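Visitor: Structure below; questions to follow.
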Amino acid sequence: MGSRLLQAAGRLRGPSAAILMYHSVMEDPGSQEAYLGEIILSQKVFRQQIELLARQFRPTSLDQVEQFINGKAKIPERAVVVTFDDGYTDNYEIAAPVLNELGVPATFYVTVGCVDRKTPPWPAHLRYCFRTTKQKRWTDSSGNSWPLSSTQQRESAFLRSCDECCQLTSMVQERYVASLASELDAQVPVDSGALMMNYDQMRALVKQGHIIGSHTMTHPNMAYVNSGVARHEMMESKRRLEEELATPVLHFAYPCPALSPHWTEGTIAISREVGYATAVTTNGGIARRGDDPLRLKRMGSGETVDALQWRLECAFAGQLR
Ligand SMILES: [Zn+2]
């Protein structure tokens, strides 16, 4: 189906909002690949994508979309919301200037414990260990031995370790990462702390009209931790951000590090009790009036401007790939 037909189909379906998910934007994505993997978009493609949004779609704030979903406000046709997960410094240094220049509001979901400890979320450490180790094998917690000769084997072992680590939080998670690094004899780069935003940068983003939301304290899979831990991850991150930013923090993003699902009915009930107005998932789709605001769908931006345009046209026409 051509772009024009899709646009006509979209108009018939009524207003909806596409919530886009980004992580990191860098001038040279290759520079941090061993660490952050494939979640880095180049500055050039990011600018092209934001220009597309500003030109052909209607960039809208998450607060406005929340009002729309709850039936309290209208949103324009072809509304798009820009969001970022994890809380990387490049969000402030590279992405925000482009967003501000083009008048596009965004929401930045920050992993609060990682900001406080100045260290990226744990998947970066595990990835780095498996990509750089000179060890030939690794043994998982069930006693299975994983060969580490080829890139493929390293990736499989990395994913297995993510399945283990995503169920851990706080100190236990820190111990897991430290013992993996020592087993694999891998040194995490000392300047990795500079990858995370600080509170001054977040305060500046709020002043520029953007929203800061929570992405938990320690980035676990929320469906695989007990309800006490889930409550702590949601409540403490909200409290810390509100204390530092002196503004209500009403939006939450579920980490999706490994295993499935990454949210449950139980976590949704907790997010409501704790006081969040919206929570976004990584389930693919767009947001419509009457949706549950505490389990909103999102979309990846794709790796090119054309990929983003096609995804959005399909989504608004109700033909999400
Ligand atoms: Zn994340």
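Visitor: Could you grab me the full set of residues in the stretch 168-182 that are among the polar types (S, T, N, Q) and in contact (Cβ under 8 Å) with a residue 24 or more places away in the chain?
Guide: Matches in the stretch 168-182: THR169, SER170, GLN173.
Visitor: Which ones in the stretch 105-157 are open to solvent by 50 Å² or more (accessible area, probe 1.4 Å), touching an Asp or Glu at 6+ places or on another chain (Cβ under 8 Å) and closer than 30 Å to MET235 by Cβ?
Guide: Listed by number, the list holds a single entry, SER141.
Visitor: Being at pLDDT below 95 and open to solvent by less than 50 Å² (accessible area, probe 1.4 Å) is the requirement here; does PRO189 meet it?
Guide: Here the answer is yes, as PRO189 does meet what is asked.
Visitor: To continue, here is another question. How many residues does the stretch 237-270 contain that are without any contact (Cβ under 8 Å) to a residue 40 or more places away in the chain, within 16 Å of the ligand (Cβ to nearest atom) and open to solvent by less than 20 Å² (accessible area, probe 1.4 Å)?
Guide: Of the residues in the stretch 237-270, 1 are without any contact (Cβ under 8 Å) to a residue 40 or more places away in the chain, within 16 Å of the ligand (Cβ to nearest atom) and open to solvent by less than 20 Å² (accessible area, probe 1.4 Å).
Visitor: Within the stretch 274-298, how many residues turn out to be closer than 19 Å to SER227 by Cα, in a loop (DSSP other than H, G, I, E, B) and open to solvent by less than 20 Å² (accessible area, probe 1.4 Å)?
Guide: Count: 2.
Visitor: Whether any residue in the stretch 214-232 is open to solvent by 10 Å² or more (accessible area, probe 1.4 Å), in contact with a Gly (Cβ under 9 Å, 6 or more places away or on another chain) and β-branched (Val, Ile, Thr) is what I want to check.
Guide: Checked the stretch 214-232: at least one residue is open to solvent by 10 Å² or more (accessible area, probe 1.4 Å), in contact with a Gly (Cβ under 9 Å, 6 or more places away or on another chain) and β-branched (Val, Ile, Thr).
Visitor: Could you tell me whether ILE94 is among the aliphatic types (A, V, I, L, M), more than 23 Å from the chain's Cα centre (by Cα) and more than 16 Å from the ligand (Cβ to nearest atom)?
Guide: Spelling it out, it is not the case that ILE94 is among the aliphatic types (A, V, I, L, M), more than 23 Å from the chain's Cα centre (by Cα) and more than 16 Å from the ligand (Cβ to nearest atom).
Visitor: Would you be able to say whether some residue in the stretch 111-125 is more than 17 Å from the chain's Cα centre (by Cα) and β-branched (Val, Ile, Thr)?
Guide: Within the stretch 111-125 (the criterion being more than 17 Å from the chain's Cα centre (by Cα) and β-branched (Val, Ile, Thr)), the answer is no, since none of the residues qualifies.
Visitor: Still on this structure, please answer the following. Please note which helices (runs of 4 or more DSSP H) are completely contained in the stretch 117-222 and include at least 2 residues that are within 18 Å of TYR35 (Cβ to Cβ).
Guide: Once the helices (runs of 4 or more DSSP H) in the stretch 117-222 are filtered for at least 2 residues that are within 18 Å of TYR35 (Cβ to Cβ), what remains is 122-132, 151-165, 170-183.
The values are calculated or read from the model by the stated rules, or taken from the named source; none is laboratory data. Please read all numbers here as calculations on a predicted model, not as lab measurements. Heads up, the Cβs are rebuilt from the backbone with ideal geometry, glycines too, and the neighbour counts pull from every protein chain shown. All accessible areas refer to the heavy atoms of the entire protein, side chains included, with ligands and DNA or RNA removed. Shrake-Rupley method; radii C 1.70, N 1.55, O 1.52, S 1.80 Å.
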